[in-house]
Amino acid sequence: MLWLKLHHSPGVVHIFFCLLPPAICQLSPLDLRPVPAYKCPALIQRRAIFLDRDGTLIEEKNYLRRPEDIAVFPGAARALRRLLAAGFKLFIVSNQSGVGRGLFTMQDVARIHTRLAALLARQGVHFQKIYVAPEAPDQHSRSRKPSPQFLFDARDEFGLRLEQCYFVGDKLSDLECGWNAGLKKCLLVRTGYGLQVEKSADPRLALAVVVDDLPAAADWILRECLK
């Protein structure tokens, strides 16, 4: 879908074309209303939202093993569509220590992600990539959060500007991952373990934005884009 803009100056008419993300074509007028204008397409193509999986995007199930047990939070798909329409790329960054603990395998994780991607694709949501750290906390890991390595990998592969990106999660390790990568802002949701983290009154939370859930996180990010 092409977006056309006309700009008039004395004696000249400038015409600009911009190819909009596919997700914007699937939005209702209500979805589109809060989405910021496409002022700088080259910049917008380089920003992203990094998402934790369990407790942020889907319900926390204490070592999710089976695809049929996935429960996407209400409103999550619409929130992600709005972010896609605003030009953000979407990534999932997930610690899956159940693999390292021997509770399930990476094949099980792959089946869960295939199911999750299919569920959200039906609602116009797609992810650029899903990153998984399978190690247990006591095992050596290059990428397990709070390590920012996966974010650096995404930057290098997709040409992102990390200072224009956000992390949304329900644990301090999610926030620390984003801080360690120099992201623009990290948001803590009160779903999953988030409310428990908020009640801990950790002084580091002063650096984060605390919101109720993923839809509220999308609202906050999109308001920031309008400033």
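Looking only at residues in region 210-227 that are in contact with a helix residue (DSSP H, G or I) (Cβ under 6 Å, 6 or more places away or on another chain) and among the aliphatic types (A, V, I, L, M), the one that is surrounded by the most Cβ atoms within 10 Å (Cβ to Cβ) is 214. Number of residues in region 170-227 that are among the β-branched types (Val, Ile, Thr) and more than 28 Å from residue 153 (Cβ to Cβ) equals 0. For first residues located in region 193-207 and at pLDDT 95 or above, partners that are outside any helix (DSSP H, G or I) and lie 6+ apart or on another chain with Cβ distances below 6 Å form the pairs 193/55; 193/170; 193/171; 194/170; 194/188; 198/210. Of the residues contained in region 168-188, none is found to be closer than 19 Å to residue 72 by Cα, assigned to a helix (DSSP H, G or I), in contact with a helix residue (DSSP H, G or I) (Cβ under 6 Å, 6 or more places away or on another chain) and not basic (Lys, Arg). Residues that are surrounded by 21 or more Cβ atoms within 10 Å (Cβ to Cβ) and in contact with a strand residue (DSSP E or B) (Cβ under 7 Å, 6 or more places away or on another chain) within region 55-89 comprise 56, 57, 58, 64, 80, 83, 84, 88, 89, listed in sequence order. Cβ-Cβ contacts under 7 Å between residues 6 or more apart (or on different chains), taken from a first residue in region 48-59 that is in contact (Cβ under 8 Å) with a residue 60 or more places away in the chain to a second residue that is in a loop (DSSP other than H, G, I, E, B) and polar (S, T, N, Q), are listed as 55/191; 56/191.
Here residue 112 passes the criteria (1) assigned to a helix (DSSP H, G or I); (2) hydrophobic (A, V, I, L, M, F, W, C); (3) over 13 Å from the mean Cα position of the chain (by Cα); (4) closer than 20 Å to residue 157 by Cβ except the one numbered (4).
Taken as a whole, region 142-153 holds at least one residue that is within 22 Å of residue 112 (Cα to Cα) and surrounded by fewer than 20 Cβ atoms within 10 Å (Cβ to Cβ).
The values are calculated or read from the model by the stated rules, or taken from the named source; none is laboratory data. Note that this is a predicted model, so its numbers are computed, not measured. Positions of Cβ are generated from backbone atoms using ideal geometry, with glycine treated the same way; all protein chains shown enter the neighbour counts.
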